[in-house]
1. Going 7 Å from the Cα of residue 88 in the Cα-to-Cβ direction, what parts of region 100-123 have a backbone nitrogen less than 15 Å from that spot?
2. How many nm separate the modelled label positions at residue 74 and residue 162, each set 7 Å beyond the Cα in the direction of the Cβ?
3. Please work out whether region 82-135 counts as rounded, prolate or oblate from its C-alpha gyration tensor, where a ≥ b ≥ c are the square roots of the eigenvalues and a/c under 1.5 means rounded, while otherwise a/b larger than b/c means prolate and anything else oblate?
4. Please say if region 32-119 is rounded, prolate or oblate, where rounded means a/c under 1.5 for a ≥ b ≥ c the square roots of the C-alpha gyration tensor eigenvalues, and otherwise the choice is prolate for a/b larger than b/c and oblate otherwise?
5. When only C-alpha pairs under 8 Å and at least 6 residues apart count, what is the relative contact order of region 56-102, in percent?
6. May I ask you to sort 99, 123, 189 by Cβ crowding, counting other Cβ atoms within 10 Å and putting the fewest first?
7. For residue 39 and residue 96, calculate 0.36 nm times their separation in residues minus their Cα-Cα distance, and state this gained length in nm to one decimal.
8. What's the FRET efficiency of residue 183 with residue 150 using the Cβ-Cβ distance as r and R₀ = 25 Å, to the nearest 0.05?
């Protein structure tokens, strides 16, 4: 599925460390972000679209309960995950959230990405849109900063988003294969969009005073 990836694009640091901040669920939280809406036995799937997740493109997407030999349960959340199969054609899995961007807040999109034992990992692209504008994205492969997990493992990706005043509209999260010539499987799980609690100015000032006092104390001891 092709979209205008240059519209409103801003490059953001992947996995940026934010000191003294905590994440809280956004009002329009991701629905079925752990893909547990279906009870499946090992190795069974439910084809997407299903739950709140939609699909576009000729490839396949599934809610999948992988056998332990393919993806150890300790690597992901719950019993199921999302499987993108791009061996035949490109595929996009996406969800439109009810939550709209609030420019007074900061956000984090978190998810797990993985590769099953005995499988080929396709390059992936994960994008966050506010309305029709791309506001944050990450991909692996050439020029990307996203991880390419080893077989039988999943890794968490943290994608920060600091809104600009002009940003508006509902959030949409897209999962795409990034390289059409690179076919394989991609596993995703535990998709969350959270608001990042920013410290009040008074709290920041107190932290600054505390740091200054510590520096002065060390100078006196020296």
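1. The answer is none, because no backbone nitrogen lies closer than 15 Å to the label point.
2. Between residue 74 and residue 162, the label points sit 3.8 nm apart.
3. Details: a/c = 3.17, a/b = 2.13, b/c = 1.49.
Verdict is prolate for region 82-135.
4. Numbers: a/c = 1.88, a/b = 1.46, b/c = 1.28.
It is prolate, given that a/c is not under 1.5 and a/b is the larger ratio.
5. Values: 51 pairs, mean separation 24.0, N = 47.
Value for region 56-102: 51 percent.
6. Numbers: 99 17, 123 21, 189 24.
Placing the least packed residue first, the sequence is 99, 123, 189.
7. Working: separation 57, 0.36 × 57 = 20.52 nm, distance 2.36 nm.
Taking residue 39 through residue 96 to full extension adds about 18.2 nm, to one decimal.
8. Details: r = 19 Å, r/R0 = 0.77.
It comes out at approximately 0.80.
No value in this document is a laboratory result; all are computed from the given coordinates. Worth saying up front: this structure is predicted, and the values here are computed from it rather than measured. Here Cβ is always computed from backbone atoms with ideal geometry, including for glycine, and neighbour counts include all displayed protein chains.
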